[in-house]
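S.K.: Below is the structure I would like to discuss, written out as structure tokens.
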Amino acid sequence: MAELAQLIDSEVFLAYATYTTIVLLKMMLMSVITAYFRITRKVFSNSEDTATFGKGENAKKFLWTDPAFECVCRGHLNDLEIIVPFISSGLLYALSGPALSTALLHFRIFIGARIFHTITYLTPLPQPSRGLSWAAGYAVTISMAYRLLTTGLYL
Amino acid sequence: MAELAQLIDSEVFLAYATYTTIVLLKMMLMSVITAYFRITRKVFSNSEDTATFGKGENAKKFLWTDPAFECVCRGHLNDLEIIVPFISSGLLYALSGPALSTALLHFRIFIGARIFHTITYLTPLPQPSRGLSWAAGYAVTISMAYRLLTTGLYL
Amino acid sequence: MAELAQLIDSEVFLAYATYTTIVLLKMMLMSVITAYFRITRKVFSNSEDTATFGKGENAKKFLWTDPAFECVCRGHLNDLEIIVPFISSGLLYALSGPALSTALLHFRIFIGARIFHTITYLTPLPQPSRGLSWAAGYAVTISMAYRLLTTGLYL
């Protein structure tokens with residue numbers, strides 16, 4: 001990490017910014033899908049939300065639990081767990097001066113894996129597909145973290 | 001994103017740092033509120049925490065479930081889901097050289113929306129208020145992501 | 001935050017990159033531990049995952065609820081809640097030009113507190129230990145946020 005000030009203007013950083021924005025937009029789309037499921041399946045977690053659909057005891061039946069809804073929520077949480085490490089280590093990775101082609105390979109595999117992961121969560125597809133797409137995203141982040149720890153370690 | 005090395009010293013970046021810190025402090029406050037609810041309402045999730053209040057079967061009754069507590073937890077999670085995209089796209093947005101007034105407008109709307117969102121979650125206020133404050137924060141992030149994808153796209 | 005472009009090449013930034021990567025790797029380890037618990041204790045949340053272990057009604061009994069598994073999930077979520085503020089305010093803190101020794105002190109206390117926190121969650125150790133390790137990580141982040149708001153405030 002010697003000439004960071006130059007590297008921040010590089011194409012690698014630009015690529016990082018582009019892919020991160022796309023991944024974040026995909027993650028934010030999960031909020032909209034969650035809201036869509038809430039409204040179409042009438043699954044609400046807060047008692048004030050059910051007021052539109054009924055009063056008193058009648059409203060309580062709209063509180064919580066629908067398998068498909070729970071599944072979208074878990075997909076969103078899983079996104080957070082894997083996208084947070086990607087964004088932060090990706091930022092440091094982009095600043096550590098990797099070759100452009102290597103960096104693009106990392107970002108493209110990650111974005112493909114996450115989009116496929118969301119599809120397998122929502123369809124849902126039979127098991128090995130979701131596990132493999134999760135593992136691909138995980139491996140990309142580990143690979144970037146490995147480069148960070150080998151190029152510039154300061155404990 | 002041409003002259004990033006200059007932009008990092010700009011007032012926009014300083015404003016980004018200030019607002020991000022405030023938003024993070026607000027989010028961390030949620031942890032304290034959660035702990036406060038846990039203790040005052042005696043809602044615990046881990047069996048080792050209940051040991052202070054009773055032994056054996058007596059301790060088990062302190063495990064889990066109180067509507068107000070669940071509500072604070074969901075508010076915290078919702079904070080994470082919306083603040084993570086704001087922080088990362090906001091960082092890249094601050095580096096993409098926007099006009100200071102535009103950037104301040106984005107940051108101020110976001111911080112206002114999130115503080116209002118927390119108030120609606122904790123009071124709780126009747127529905128359209130929480131939904132609207134959530135949508136305002138969401139729209140700010142989309143607007144920043146839109147600028148990022150239009151000014152510098154590198155796929 | 002006057003001479004940021006120089007500071008980004010500093011040892012403080014290098015130390016930030018190293019400690020952040022380690023904390024992220026620790027957090028990602030939680031995913032593997034969760035998966036390990038899922039498989040060894042047969043706790044699954046998505047119905048398509050249970051297909052390997054049985055068909056029809058027989059498969060349903062593998063869905064959800066095991067105290068130890070829930071506990072690992074909460075540990076992971078707690079990691080997210082506290083590591084996200086650390087990473088973002090840590091990045092801005094590293095750019096605000098602190099003394100190297102002070103910065104190292106912050107990062108080292110944080111990383112130690114989080115590793116100890118995970119140990120107390122998984123063992124589990126009796127209560128004050130987990131609360132104290134959580135408070136140590138929290139205090140480090142507050143201290144960094146305090147420096148940010150006092151050195152460069154732009155509202």
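S.K.: Quote to one decimal, in nm, the extra length available between C:THR151 and C:LYS26 on full extension: 0.36 nm per residue of separation minus the C-alpha distance between them.
M.R.: Working: separation 125, 0.36 × 125 = 45.00 nm, distance 3.10 nm.
Full extension of this stretch gives 41.9 nm more.
S.K.: If I take the Cα coordinates of the range B:74-139 and project them onto the principal axes, what are the three extents in Å, biggest first?
M.R.: Its Cα atoms span 39, 21, 14 Å along the three principal axes.
S.K.: Further question on the same structure: Taking amide hydrogens as modeled 1.01 Å from N in the peptide plane, which residues meet the under 5 Å criterion relative to A:GLN127, leaving out close sequence neighbours?
M.R.: none
S.K.: Can you compute the modelled spin-label distance between C:TYR36 and C:ILE115, with each label point 7 Å from Cα toward Cβ, in nm?
M.R.: In this crude spin-label approximation the distance works out to 1.6 nm.
S.K.: If you don't mind, there's one more thing I want to ask. Output ³J(HN,Hα) for the range B:92-107: one whole-Hz value per residue in order, computed from phi by the Karplus curve 6.51 cos²θ - 1.76 cosθ + 1.60 with θ = phi - 60°, and x for Gly and Pro.
M.R.: For the range B:92-107, the Karplus-derived couplings read 5, 4, 4, 7, 8, x, x, 5, 4, 5, 5, 4, 4, 4, 4, 5 Hz, x marking Gly and Pro.
S.K.: List the distances, in nm to one decimal, from the label point of C:THR150 to the label points of the same position in every other copy, shortest first, placing each label point 7 Å from Cα along the Cα-to-Cβ direction.
M.R.: 4.2, 4.2
S.K.: Applying the Karplus parametrisation 6.51 cos²θ - 1.76 cosθ + 1.60 with θ = phi - 60° to the phi angles of the range B:140-145, what ³J(HN,Hα) value in whole Hz is obtained for each residue in order, glycine and proline being reported as x?
M.R.: Coupling constants for the range B:140-145: 4, 5, 4, 4, 5, 5 Hz.
FYI, it's all coordinate maths here, none of it is from the lab. Please read all numbers here as calculations on a predicted model, not as lab measurements. Glycine gets a Cβ as well: all are built from the backbone with ideal geometry, and neighbour counts include every protein chain shown.
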